[in-house]
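Inspection log for the structure reproduced underneath, given as structure tokens.
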Amino acid sequence: MQQPTEGHTVVRYDGELNGLHLLMLEMGSLVLDQVRTSLTALKNEDLVAARQVLIREHKVDDLEIKADDEIVSVIARRGPVARDLRIVMAFSKTITDLERVGDEAARIASIIEEMYETDRSHPSGQLMRDVHLMGALVTHMLEKALGIIDGLNADDAEEIAKGQVELDAEFRSSLRRLTTFVLEDARNVGHAIYITLIIKALERIGDHSRNLAEYVVYLMSGDDIRHQLRQLQPETGPDDTNDFDDRNEAF
Amino acid sequence: METIDESEVSEINDAGVTDPVKVGHTAMVDRDNRTTIGEILVDNPRMSCRDVNVYYGDNHAIHDVSLDIGRNEVIAMIGPSGCGKSTFLRCLNRMNDTIDICKVTGTITLDDEDINSKKIDVVPLRAQVSMVFQKPNPFPKSIYENVAFGPRIHGLANNKTELDEIVVTSLKKAGLWDEVKDRMDQPGTGLSGGQQQRLCIARTIAVGPEVILMDEPCSALDPIATAKIEDLIDELRQQYTICIVTHSMQQAARVSQRTAYFHLGDLIEVGDTNTIFTNPRHKLTEDYITGRFG
């Protein structure tokens, strides 16, 4: 772990900022575990694991409240400026995004309960293929983002932005395939709705992962690159010009 | 490379990053790498300083400082003790002339006129570029006389009515009128510290300055009196140019539009206050304002 600060005349101040970093990493680790567990539960149709995610969600919320309290305290007592201010701002926003990632993991767990708790037929492997693919992509992006936060090294930020481009493309493709499945067999509608909600949650986790990387870039350099990494999106080709893009905007 | 007396020094490496280096009692400062970062120029400046050097005998206190001071702006000068910020401030109205061993070189202009020119009379200059000091120093006279003294000796009023008007206006501008209007004949020294400082500011305003220099004007005041002075500085900016030296980072951030950071006699960085306090470009500046000055 790279310590965000050192050398302050008031040693305790460094301790407080480094403590915040540790708290954020603890939260990141918990959230990553939540995402992994919910995806494993989905793969194994494991209701026990899904419920475990839902039970643990309050821990993520508790960490968010604790971190926010400490951030308010640092601002009130230390009046951070320059890099210290950027650390506090970046950590504050990071914590909000991590909590939302936790929410999305819990949302997936809830959907798993809905999908597999009843006696209804389970979705086919063909329907679930895109979910697992997107799950792997998102997990990798989140791991990478947390690695960037841990090492406070923004060099890999662009890689995450590229991952987000890939994820968005996969999301659009998945929606197209789901529509096809529904058109082919109307009995797929129920499963398609659940799967749409899951892939939307995964797409959101990808967005949050990209945000996390952007905050580290701001912390390290002072450059606010929000909404710039998004411009790495590939130009829309003729095949992509369909109504799904418009429908995506509605989410 | 030159030698400066300092117990702890900083050495600039090739990347422009400063590492604290202990070299006994001698500071080795590579002057070649201490070019000011940031925009020293402003449009239509009130004052312009170019290549200002100040020597106290053999001690070279300020090195080639160039800086414009804009109209109706508050510029804060910050830096550790002994960095030369007060010395530089005192150059702006030739207060250093009062120190025998002090020599100032370079050019300093006020409205394009060289203030160090032989034809400049230093007395009216110090009315144009007046100064408020760290400790309130009212004259041992009445409140009225404290403010009236300057306009009277500078011949700014033709009669008592005009003088009264200047006194009242100055006290109002200094935000003190309501508190003293019923006791104008009482001694200025009987006011509280904050009121005394505002009286000194009223005394400064009374001589019609263009630039007001403030050398740590709130360091002897409590937080409420400090807040009143800071509020006043913001008001005064509408009419005057203000240069303030302060040790309080937060005060510099609160009151100024531009900030200049001095270190060991060099102007290290100057820029928009928001930028200096959120994303300073020089490590020395960042280390100082975040409290990591080593």
Residue within the range A:140-149 that is part of a helix (DSSP H, G or I), more than 29 Å from A:Met27 (Cα to Cα) and open to solvent by 20 Å² or more (accessible area, probe 1.4 Å) present: no
So A:Leu98, is it within 13 Å of chain B (Cβ to nearest Cβ) and not acidic (Asp, Glu): no
Subset of the range A:98-115 [open to solvent by 10 Å² or more (accessible area, probe 1.4 Å) and either closer than 30 Å to B:Asn279 by Cβ or out of contact with any helix residue (DSSP H, G or I) (no Cβ under 6 Å at 6 or more places or on another chain) (or both)]: A:Glu99, A:Arg100, A:Asp103, A:Ser110, A:Glu114
Any hit, the range A:174-191, residues being under 18 Å from the mean Cα position of the chain (by Cα) and in a helix (DSSP H, G or I): no
Options B:Lys135, B:Lys160: the member that is on the phi < 0 side of the Ramachandran plot, open to solvent by 40 Å² or more (accessible area, probe 1.4 Å) and free of Cβ contacts under 8 Å to residues at least 60 places away in the same chain: B:Lys160
Evaluation of A:Ala82 against (1) away from chain B (no Cβ under 14 Å); (2) surrounded by 20 or more Cβ atoms within 10 Å (Cβ to Cβ) (one fails), failing number: (1)
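If you check B:Ser117 against the conditions, is it open to solvent by 40 Å² or more (accessible area, probe 1.4 Å), among the hydroxyl-bearing types (Ser, Thr, Tyr) and in a loop (DSSP other than H, G, I, E, B)? Working first, answer last.
On the way: open to solvent by 40 Å² or more (accessible area, probe 1.4 Å): no; among the hydroxyl-bearing types (Ser, Thr, Tyr): yes; in a loop (DSSP other than H, G, I, E, B): yes.
The answer is no for B:Ser117.
Quick test for you: out of A:Ser29, A:Ser92, A:Ser38, pick the one residue that is surrounded by 22 or more Cβ atoms within 10 Å (Cβ to Cβ), more than 14 Å from every other protein chain (Cβ to nearest Cβ) and among the hydroxyl-bearing types (Ser, Thr, Tyr).
So the residue among A:Ser29, A:Ser92, A:Ser38 that is surrounded by 22 or more Cβ atoms within 10 Å (Cβ to Cβ), more than 14 Å from every other protein chain (Cβ to nearest Cβ) and among the hydroxyl-bearing types (Ser, Thr, Tyr) is A:Ser38.
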Filtered residue count, the range A:1-21, keeping only those that are open to solvent by 30 Å² or more (accessible area, probe 1.4 Å) and either within 14 Å of another protein chain (Cβ to nearest Cβ) or farther than 25 Å from A:Val138 by Cβ (or both): 9
Selection status of A:Glu70, away from every other protein chain (no Cβ under 14 Å), surrounded by 16 or more Cβ atoms within 10 Å (Cβ to Cβ) and closer than 29 Å to B:Phe277 by Cα: yes
Residues satisfying the stated conditions in the range B:257-276, i.e. open to solvent by 10 Å² or more (accessible area, probe 1.4 Å) and farther than 21 Å from B:Ala61 by Cβ: B:Gln257, B:Arg258, B:Gly271, B:Asp272, B:Asn274, B:Thr275
Hey, B:Asp100 modelled with pLDDT under 95, open to solvent by 40 Å² or more (accessible area, probe 1.4 Å) and charged (D, E, K, R) or not: yes
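For A:Leu54, are the conditions met, namely being over 30 Å from B:Tyr261 (Cβ atoms), of a type in the set (A, V, I, L, M, F, W, C), open to solvent by less than 40 Å² (accessible area, probe 1.4 Å) and in contact (Cβ under 8 Å) with a residue 40 or more places away in the chain?
no
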Residues located in the range B:206-230, provided they are open to solvent by 10 Å² or more (accessible area, probe 1.4 Å) and β-branched (Val, Ile, Thr): B:Val207, B:Ile224, B:Thr226
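The values are calculated or read from the model by the stated rules, or taken from the named source; none is laboratory data. Please read these numbers as outputs of a predicted model, since none were measured by experiment. In this analysis, Cβ positions are derived from the backbone assuming ideal geometry, glycine residues included, and neighbour counts consider all displayed protein chains. These area figures cover heavy atoms from the full protein model, side chains too; ligands, DNA and RNA do not enter into them. Shrake-Rupley method; radii C 1.70, N 1.55, O 1.52, S 1.80 Å.
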